[in-house]
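Quick notes on the structure that follows.
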Amino acid sequence: MTVYATIDSPLGALLLVGEESASAKGGTALASLSVPGQKGGATVQDDWLEKAEAFEEIVTQLTSYFDGRLTRFDIEYVTRGSEFQRRVWQALEAIPYGTTLSYGDIAARIGAPRAAVRAVGTAIGANPLLVVRPCHRVIGASGALTGYAGGLERKRRLLDLENTHRDA
């Protein structure tokens, strides 16, 4: 059964979508975390059940992250996507808190040729788990902030938050 909840955050409202799971902490595996206006973000479907209590563990971790007390999420995910996307997303999850890599760095980490940078960017843009799968930690080769489905202002806020707490 698909469940959802909307919570407030420093990035604005977050829409959490999950699937009930006996193995997940709190009983819910996260399928999507999106923000209003997000390119490709989730929208509530008629057959979904609003169930805020299903996300208590996930909300606790998100709150700790936004407070600077959590640097790595321990959340079970519902992972869909192509094999290439899953490889890229796995590389995202390995980027340490408070650091950034370029799209070319991600291509190299998954063993893709340098020419695959656009495909890596497309896979990152399809990441359904903003914040918890840290696609905000990927920047352009020049160091510029580029491409974030939740908007560059939110990307900047996440990077600033991590840099502030990493240095503290």
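A few notes on this one:
- Within the stretch 155-166, if we keep just the residues that are open to solvent by 20 Å² or more (accessible area, probe 1.4 Å) and free of Cβ contacts under 8 Å to residues at least 24 places away in the same chain, the residue that is nearest to residue 88 (Cα to Cα) turns out to be 156.
- Unique match (being surrounded by 16 or more Cβ atoms within 10 Å (Cβ to Cβ) and aliphatic (A, V, I, L, M)) among 152, 101: 101
- Per the conditions (1) open to solvent by 50 Å² or more (accessible area, probe 1.4 Å); (2) closer than 17 Å to residue 39 by Cβ; (3) in a loop (DSSP other than H, G, I, E, B), the sole criterion not satisfied by residue 142 is (2).
- A count restricted to the stretch 1-22 and to residues that are outside any loop (DSSP other than H, G, I, E, B) and either modelled with pLDDT of 95 or more or open to solvent by less than 20 Å² (accessible area, probe 1.4 Å) (or both) stands at 12.
Listed here are the residues, each with its yes/no results for (1) closer than 26 Å to residue 56 by Cα; (2) free of Cβ contacts under 8 Å to residues at least 60 places away in the same chain; (3) not basic (Lys, Arg).
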| residue | (1), (2), (3) |
| --- | --- |
| 79 | yes, yes, yes |
| 91 | no, yes, yes |
| 97 | yes, no, yes |
| 120 | no, yes, yes |
| 125 | no, no, yes |
| 136 | yes, yes, yes |
| 141 | no, yes, yes |
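- Being surrounded by fewer than 20 Cβ atoms within 10 Å (Cβ to Cβ), out of contact with any strand residue (DSSP E or B) (no Cβ under 9 Å at 6 or more places or on another chain), at negative phi and not hydroxyl-bearing (Ser, Thr, Tyr) is not true of residue 109.
- Selection within the stretch 44-61: residues that are assigned to a loop (DSSP other than H, G, I, E, B), of a type in the set (D, E, K, R) and in contact with a strand residue (DSSP E or B) (Cβ under 9 Å, 6 or more places away or on another chain). The member of this set that is surrounded by the fewest Cβ atoms within 10 Å (Cβ to Cβ) is 47.
- Residue satisfying condition, being touching a Phe, Trp or Tyr at 6+ places or on another chain (Cβ under 7 Å) and hydroxyl-bearing (Ser, Thr, Tyr), within set 71, 164: 71
The values are calculated or read from the model by the stated rules, or taken from the named source; none is laboratory data. Here the structure is a predicted model, which means the values were calculated and not measured. Neighbour counts run over all protein chains shown; Cβ positions are idealised from the backbone, glycine included. These area figures cover heavy atoms from the full protein model, side chains too; ligands, DNA and RNA do not enter into them. Shrake-Rupley method; radii C 1.70, N 1.55, O 1.52, S 1.80 Å.
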